[in-house]
Amino acid sequence: MKHPYKFCFGPWNISEGQDPYGPPTRPAQSFDWKLGQLKKIGYDAMMFHDDDAVPNIDEKSDAQVRKETRELKQRLADAGIAAEMVAPRLWFSPMTIDGAYTSNDPKCRRYAIDRSRRCIDIARGLGTDLIVLWLAREGSYLRESKNARKCVDLLVAAIDQMLAHDRKVRIAIEPKPNEPMDVAYLPTIGHALAIAQLTRDPKRVGALIESAHAILAGLDPADEIDFACAFGKLWSLHLNDQNGLKFDQDKPFGSANLRTAFNQVRALERNGYGRKGELVCFDVHPFRTTKVEHWLRHLDNSRRTFLALLAKARSFDEAKAKVLIADRNYQDLDQMVLEHLMGI
Ligand code: GLO
Ligand code: MG
């Protein structure tokens with residue numbers, strides 16, 4: 001089947017199985033091994049955190065960061081793999097315990113902005129203009145500890161400094177309503193696109209939709225895709241799945257909500273996603289129970305499901321659906337979708 005889609009994942013998607021209650025269930029592997037696996041299963045690109053690209057980044061000089069970026073660029077070129085985006089990992093350091101751009105401590109806010117500038121330099125060095133901001137610690141555990149109004153200003157100021165640092169960089173905000181925070185400041189695509197308007201260059205601030213994050217916000221990821229695309233602002237995508245309102249599960253695409261996954265693929269199709277080079281990334285994790293020898297299955301399976309649903313989206317009888325819609329016969333439309341997905 002001919003299609004425009006290219007696929008991507010990050011090194012963190014070959015994870016070791018640790019959870020808050022138990023240790024890893026698979027041994028850690030090197031970055032080069034992960035890159036080799038990505039190539040072996042035929043993916044096109046890799047997404048990065050700044051410290052996936054340059055480990056222990058905070059301990060390194062600018063010259064050292066530049067050198068390691070150049071070396072990585074070469075390794076990617078040798079493997080024929082593109083870097084899709086780089087994201088500043090602003091949730092590990094002792095400097096981001098109380099938030100990054102919205103920390104109450106100005107020294108910590110400065111750290112977050114300096115680190116984001118470095119992240120932009122790495123992205124440019126790796127040949128991508130896309131920065132992803134998952135604002136993991138921008139929110140509150142305790143409402144009264146922060147001034148949410150001031151935090152909006154701080155987020156805008158931080159994004160403005162990133163835009164000023166590099167005239168070409170584009171920033172895709174990845175909203176998530178909770179976890180690790182109790183309540184996050186930018187929980188939905190609407191929030192991401194609204195804050196873009198307050199920045200010095202709204203054209204360069206867009207969004208990334210993650211299926212599980214939309215579900216955690218009680219929203220339909222397919223509608224979120226359509227909403228972002230209506231603004232021309234869906235610049236990346238983290239497809240995965242989520243069973244209801246609990247911790248972020250990062251299940252394989254379609255694993256919990258096959259019909260919702262079908263509708264996400266339909267939304268991507270009708271908006272021409274991928275035709276301007278946007279990638280389909282799977283932000284999925286292996287189950288904790290996964291054995292080492294099955295370690296890549298969740299990535300291969302997510303892509304298989306995506307492509308199978310693409311075939312389903314393209315073979316959906318739109319004319320028949322149109323007749324049912326015109327007759328307000330949503331009862332049979334519902335059954336038609338179910339039977340199409342079941343292949344009967
Ligand atoms: C966690 C997020 C995370 C980000 C990644 C890129 O819930 O989905 O995986 O996508 O760190 O910023
Ligand atoms: Mg994600």
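Each value in this text was obtained by applying a stated rule to the coordinates, not by laboratory testing. Since this is a predicted model, take the numbers as computed values, not measurements. Cβ coordinates were reconstructed from backbone atoms using ideal geometry, including for glycine residues, and neighbour counts include every protein chain displayed.
What the table below lists for this structure:
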{"read-out": "Volume in Å³ per residue [convex hull over Cα atoms, computed for segment 233-294]", "value": "111 Å³"}
{"read-out": "Charged-residue dipole, Cβ positions (Lys, Arg, Asp, Glu), the chain about Cα centre, Debye nearest 20", "value": "780 debye"}
{"read-out": "Virtual spin-label span in nm between residue 341 and residue 56, 7 Å along Cα→Cβ", "value": "4.9 nm"}
{"read-out": "Assigned charges on the beta-carbon of Lys, Arg, Asp, Glu; segment 229-344 dipole about Cα centre (debye)", "value": "220 debye"}
{"read-out": "Computed [θ] at 222 nm, helices only, for the chain once each DSSP H run of length n ≥ 4 contributes -39500 (n - 2.57)", "value": "-14000 deg cm²/dmol"}
{"read-out": "Inter-part distance where segment 53-98 and segment 127-149 are each reduced to a Cα centre, Å", "value": "20 Å"}
{"read-out": "Cys residues of the chain counted as unpaired, since no other Cys beta-carbon is under 4.7 Å", "value": "108, 119, 151, 229"}
{"read-out": "Lys/Arg +1, Asp/Glu -1 at C-beta; the chain dipole; positive extreme among 272, 227, 242", "value": "272"}
{"read-out": "Segment 198-344, Rg to Rh (Cα coordinates; Rh as Kirkwood inverse mean 1/r)", "value": "1.00"}
{"read-out": "Distance in nm between pseudo-label sites at residue 167 and residue 198 (7 Å out along the Cβ direction from Cα)", "value": "2.8 nm"}
{"read-out": "By average C-beta atoms within 10 angstrom, highest first, the peptides 263-273, 51-61", "value": "263-273, 51-61"}
{"read-out": "Unit charges on C-beta of K, R, D, E only; dipole of segment 1-60, Debye", "value": "520 debye"}
{"read-out": "Chain lengthening between residue 73 and residue 33 when straightened (0.36 nm per residue, less Cα-Cα)", "value": "12.8 nm"}
{"read-out": "Positive-end residue of 125, 81, 112, charge dipole of segment 69-129 with Cβ unit charges", "value": "112"}
{"read-out": "Evaluated over segment 97-166, the Cα radius of gyration and Dmax, each in Å", "value": "12.8, 42"}
{"read-out": "Compactness of segment 6-103 as Cα Rg over 2.2 N^0.38 Å, two decimals", "value": "1.19"}
{"read-out": "Positive-end extreme of charge dipole, the chain - chosen from 17, 184, 43 (charges on Cβ)", "value": "43"}
{"read-out": "Spatial extent of segment 195-285: Rg and Dmax, with the Cα atoms as the point set, Å", "value": "13.1, 40"}
{"read-out": "Residue 182-residue 143 pseudo-label distance in nm [points 7 Å out on the Cα-to-Cβ vector]", "value": "0.9 nm"}
{"read-out": "Semi-axes of the equivalent ellipsoid for segment 40-163, Cα gyration tensor, largest first, Å", "value": "30, 15, 12"}
{"read-out": "Added length on full extension, which subtracts the Cα-Cα distance from 0.36 nm per residue, residue 3 to residue 320", "value": "111.7 nm"}
{"read-out": "Contact order relative to length of the chain, as percent, for alpha carbon pairs under 8 angstrom and 6 or more apart", "value": "15 percent"}
{"read-out": "Rg and Dmax [Cα atoms of the chain; Å; Rg one decimal, Dmax integer]", "value": "20.4, 67"}
{"read-out": "By average C-beta atoms within 10 angstrom, highest first, the peptides 68-78, 294-304, 252-262", "value": "252-262, 294-304, 68-78"}
{"read-out": "Relative contact order (%) - criterion: Cα under 8 Å, at least six apart; region: segment 1-84", "value": "32 percent"}
